[in-house]
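Working notes for the structure below.
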Amino acid sequence: MKFKSIKGTKDILPDESHLWQSVEQHIRSVMETYNYKEIRTSVFEETSLFARSIGELTDIVGKEMYSFIDRSGDSLTLKPEMTAAVIRSYIQHNLGKKQPLTKVYYLSPAFRQERPQAGRLRQFHQFGAEAIGGSNPEIDAEIISLSAAIYKKFGITEFEVRINSVGCQKCREEYKFILKSFLSAIANKLSTESQRKIDTNPMRVLDSKDENDKQLTIGAPLIKDYLCDECRIHFEKLQSLLQIAGVDYVVDGRIVRGLDYYTKTAYEIISNELGSQDALTGGGRYDLLVSELGGKPTPSVGFAAGMERLIMILKKRNKLNVTAPHPKLFIAAMDDKSRNRVFQEIFKLRNQGISCETDLLNRSLKAQMREADRQQADYVIVIGENEINSNRVSMKAMRTGIQQEISLDELPNYLTGN
RNA sequence: GUGACCAUAGUUCAGUUGGUUAGAACGCCAGGUUGUGGCCCUGGAGGUCGAGGGUUCGAGUCCCUCUGGUCACCCCA
């Protein structure tokens with residue numbers, strides 16, 4: 001085979017595309033219930049936008065971005081996540097001037113050059129939302145509730161919302177200092193991975209998957225015990241609001257998100273049905289990002305979720321009772337002489353918005369019937385000399401096999417009446 | 001980037017210690033007499049056995065390299 005899809009990319013084939021459409025439609029409907037409006041940004045941006053927002057030292061920026069130099073010498077990057085692009089757009093178009101709080105959602109492909117595995121692709125699809133312009137914990141609660149509501153909309157209830165506060169610049173620095181000294185004391189017993197992180201990103205040591213590391217860090221200081229008053233009050237208020245909103249959650253003091261820009265609230269939605277990549281959703285508050293990217297200081301919250309991971313669960317749980325679109329009517333031609341008349345009827349019906357199909361390959365009547373069955377057409381009529389002369393056709397309901405004779409002129413009414 | 005396992009029709013898979021024309025199921029196509037699908041029956045098409053090297057009289061089967069897939073690590077959606 002000469003050409004193949006790029007490693008880590010997947011074609012969504014005609015058999016499956018309607019399933020994606022249906023999932024997307026459900027997501028949109030929940031987003032709109034919460035009064036978020038869609039934003040679409042281009043798939044690529046200036047490389048420096050992501051470097052600045054996500055953080056130079058993160059894995060995403062350090063080794064996973066699809067970056068390239070275009071013909072004018074600019075460095076561009078296929079977006080590895082959506083928030084940076086949304087914020088860039090928010091600032092560029094002065095959306096904050098039109099209203100104090102901007103609520104947007106998106107559905108978009110994203111790109112990261114990682115080794116593919118279950119629930120991880122190089123081109124993947126995210127949906128998510130951002131509420132830009134407010135610092136109230138009510139907004140954090142709304143974002144978390146919204147993301148959980150989407151899974152509930154699909155009948156998925158087996159997931160866990162884990163929340164944490166990662167503090168602000170002030171209290172996080174103090175905490176990191178304390179944490180580092182705790183970790184340094186046990187450094188020689190930690191895994192080499194974790195040892196490396198003590199200086200660069202000590203909070204990540206706490207969510208190491210290494211069993212030994214887990215044991216060693218059981219008594220480690222957690223940031224929730226070192227929050228400043230403002231962050232602590234915000235976190236407590238968020239929890240009471242989640243209770244009011246009816247969102248079940250657990251506090252997990254070890255959550256650290258992989259993107260540098262989070263402040264205060266950080267949260268994840270985890271499923272135990274996904275394999276190793278178990279995060280359905282990740283999100284949190286990023287009060288410093290807008291100003292970091294050149295806008296006015298604008299506190300914001302958001303989340304991003306993986307489409308493929310959602311669909312994995314839906315498939316596993318058999319929650320995808322979506323029916324593929326199928327033609328209402330199939331018109332078979334008795335013989336070649338009748339084909340022009342068949343086409344005439346087909347186009348007439350299609351012009352009236354009725355989905356119908358006919359044989360385009362000059363096949364036998366039997367083959368045409370088989371095709372109609374395969375296409376799951378609701379009805380079939382056969383047009384031949386008799387029908388052309390009498391202007392009457394036998395309408396066969398394929399599910400029941402019952403035939404009913406009607407006039408050709410009644411066809412549109414008959415079909416739309418059903 | 002690291003590791004493990006895998007790669008045979010459109011799909012899911014068989015393929016004996018290396019030995020003639022590489023099989024099955026499903027799917028696809030055509031028939032089973034007069035103008036009607038599904039079930040059933042019969043027949044047919046379809047494979048450079050992932051690619052390239054090597055060992056051998058002989059390789060789908062053994063060895064090497066590459067590519068791709070799957071899963072895990074890392075990290076994340």
- Any hit, segment A:208-219, residues being under 27 Å from residue A:301 (Cα atoms) and not assigned by TED's automatic domain parsing to the domain that holds residue A:29: yes
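Here is a check on your reading of the model: is residue A:263 closer than 30 Å to residue A:98 by Cα, of a type in the set (Val, Ile, Thr), in contact (Cβ under 8 Å) with a residue 60 or more places away in the chain and more than 12 Å from RNA strand B (Cβ to nearest atom)?
Numbers: closer than 30 Å to residue A:98 by Cα: yes; of a type in the set (Val, Ile, Thr): yes; in contact (Cβ under 8 Å) with a residue 60 or more places away in the chain: yes; more than 12 Å from RNA strand B (Cβ to nearest atom): yes.
Yes, satisfied.
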- Item | From A:285, A:309, residue being under 30 Å from residue A:241 (Cα atoms) and either in contact with a Ser or Thr (Cβ under 7 Å, 6 or more places away or on another chain) or of a type in the set (A, V, I, L, M, F, W, C) (or both) | A:285
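Taking the options A:268, A:230, name whichever one is closer than 25 Å to residue A:87 by Cβ and away from RNA strand B (no atom under 16 Å from the Cβ).
Matching residue, one of A:268, A:230: A:230.
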- Query: What number of residues within segment A:81-106 satisfy the criterion of being over 21 Å from residue A:47 (Cα atoms) and of a type in the set (A, V, I, L, M)?
  - Reply: 3
- Task: Being more than 8 Å from RNA strand B (Cβ to nearest atom), under 29 Å from residue A:15 (Cα atoms), modelled with pLDDT under 95 and surrounded by 11 or more Cβ atoms within 10 Å (Cβ to Cβ) narrows it down to one of A:411, A:360, A:415, so name that one.
- Result: A:415
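Yes/no per residue for (1) under 20 Å from residue A:130 (Cα atoms); (2) modelled with pLDDT under 90; (3) of a type in the set (Asp, Glu):
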site	(1), (2), (3)
A:215	no, yes, no
A:220	no, yes, no
A:245	yes, no, no
A:248	no, no, yes
A:263	yes, no, no
A:267	yes, no, no
A:282	yes, no, no
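When you go through A:367, A:332, A:372 one by one, which is the residue that is within 12 Å of RNA strand B (Cβ to nearest atom) and in contact with a Leu (Cβ under 7 Å, 6 or more places away or on another chain)? Please lay out each step first, then the result.
Details: A:367 fails: in contact with a Leu (Cβ under 7 Å, 6 or more places away or on another chain); A:372 fails: in contact with a Leu (Cβ under 7 Å, 6 or more places away or on another chain).
Answer to the check: A:332.
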- Please find, among A:184, A:165, A:191, the residue that is in contact with a helix residue (DSSP H, G or I) (Cβ under 9 Å, 6 or more places away or on another chain) and under 25 Å from residue A:230 (Cα atoms). A:165
- Taking segment A:84-97, which residues are within 16 Å of RNA strand B (Cβ to nearest atom) and out of contact with any Phe, Trp or Tyr (no Cβ under 7 Å at 6 or more places or on another chain)? A:85, A:87
- Message: Looking at segment A:62-83, I want the residues that are under 13 Å from residue A:124 (Cα atoms) and free of Cβ contacts under 8 Å to residues at least 40 places away in the same chain and have a partner that is outside any helix (DSSP H, G or I) and away from RNA strand B (no atom under 15 Å from the Cβ) with Cβ atoms under 8 Å, at least 6 apart or on another chain. Which pairs are those?
- Response: A:78/A:43; A:78/A:44; A:79/A:41; A:79/A:43; A:79/A:44; A:79/A:45
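Residue by residue through segment A:257-282, note down the ones that are on the phi > 0 side of the Ramachandran plot and not charged (D, E, K, R).
First, pick out the residues of segment A:257-282 that are on the phi > 0 side of the Ramachandran plot: A:264, A:275.
Hit for segment A:257-282 is A:275, nothing else.
Going by what's in this entry, would residue A:274 be described as aliphatic (A, V, I, L, M), touching a helix residue (DSSP H, G or I) at 6+ places or on another chain (Cβ under 9 Å) and modelled with pLDDT of 95 or more? Break it down stepwise before answering.
On the way: aliphatic (A, V, I, L, M): yes; touching a helix residue (DSSP H, G or I) at 6+ places or on another chain (Cβ under 9 Å): yes; modelled with pLDDT of 95 or more: no.
When the stated conditions are applied, residue A:274 does not pass them.
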- Note on the structure: For residue A:401, the lone unmet condition from (1) within 6 Å of RNA strand B (Cβ to nearest atom); (2) at negative phi; (3) not acidic (Asp, Glu) is (2)
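Name the strands (runs of 3 or more DSSP E) wholly inside segment A:355-418 in which the number of residues that are within 14 Å of residue A:330 (Cβ to Cβ) is 3 or more.
A:356-358, A:379-383, A:392-397
The values are calculated or read from the model by the stated rules, or taken from the named source; none is laboratory data. Small disclaimer: the values here were computed from a predicted structure and weren't measured. When we count neighbours, we look across all protein chains shown, and the Cβ atoms used for this are built from the backbone with ideal geometry, even at glycine.
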